[in-house]
């Protein structure tokens, strides 16, 4: 049986926090109903599906690229690094990797990038859900460490409230200094 890993990321666009990537190899003997792009699911439904994925998948892993890596490498390269880490962390190696998007890192096995794959390929949908849930939890944790920015609410995205807090408080240690709005505050 071919083991196909789906891979997706969460957190490329925010101004704060790490980028997460997940890899999932689904088990055909234990199907999971309702998988979809994490952005199209309610938080409650994502949480239920996350538990099912962890229980029923043949293998799954979540990995990170930290803020310092994002600033040193750039967000694309850091995302590809997190994806490689997630696939490497799987308990069983995949025969093939399917990645949501238009680029694949070198996984050491055949890989295919699929634009919109998180809404069309079950294993990628599962990875999308794991990555989103893990990153959201991390931003809630970071919010407790760095109060005042509202990270638990906006998850680091450049909302009006986040931009106002950044202007008032300046960047925290978890803000991405290589991102324009944060860099502008540091340079100004």
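Within the range 170-188, no residue that is at negative phi sits with its Cβ atom under 7 Å from a residue that is exposed (fewer than 10 other Cβ atoms within 10 Å of the Cβ) and not in a helix (DSSP H, G or I) at 6+ positions apart or across chains. Of the residues contained in the range 4-27, none is found to be closer than 27 Å to residue 146 by Cα and without any contact (Cβ under 8 Å) to a residue 60 or more places away in the chain.
Taking the criterion of being surrounded by fewer than 22 Cβ atoms within 10 Å (Cβ to Cβ), in contact (Cβ under 8 Å) with a residue 40 or more places away in the chain and closer than 13 Å to residue 124 by Cα, would at least one residue in the range 68-88 satisfy it? There is no residue in the range 68-88 that is surrounded by fewer than 22 Cβ atoms within 10 Å (Cβ to Cβ), in contact (Cβ under 8 Å) with a residue 40 or more places away in the chain and closer than 13 Å to residue 124 by Cα.
For the range 124-149, taking the residues that are over 19 Å from the mean Cα position of the chain (by Cα) and buried (at least 16 other Cβ atoms within 10 Å of the Cβ), the one that is nearest to residue 180 (Cα to Cα) is identified as 149. So, in the range 74-116, how many residues would count as being part of a helix (DSSP H, G or I) and touching a helix residue (DSSP H, G or I) at 6+ places or on another chain (Cβ under 7 Å)? Residues flagged as part of a helix (DSSP H, G or I) and touching a helix residue (DSSP H, G or I) at 6+ places or on another chain (Cβ under 7 Å) within the range 74-116 amount to 2.
Per this entry, residue 61 is not counted among residues that are closer than 11 Å to residue 127 by Cβ, in contact with a helix residue (DSSP H, G or I) (Cβ under 8 Å, 6 or more places away or on another chain), surrounded by 23 or more Cβ atoms within 10 Å (Cβ to Cβ) and at pLDDT 95 or above.
Considered as a group, the residues in the range 39-66 that are part of a loop (DSSP other than H, G, I, E, B) and touching a residue at least 40 places away in the same chain (Cβ under 8 Å) include one that is farthest from residue 94 (Cα to Cα), and that residue is 41.
The values are calculated or read from the model by the stated rules, or taken from the named source; none is laboratory data. Remember, predicted model here, so these are calculated numbers, not experimental data. Every residue, glycine as well, gets a Cβ built from its backbone with ideal geometry; the counts of neighbours run over all protein chains shown.
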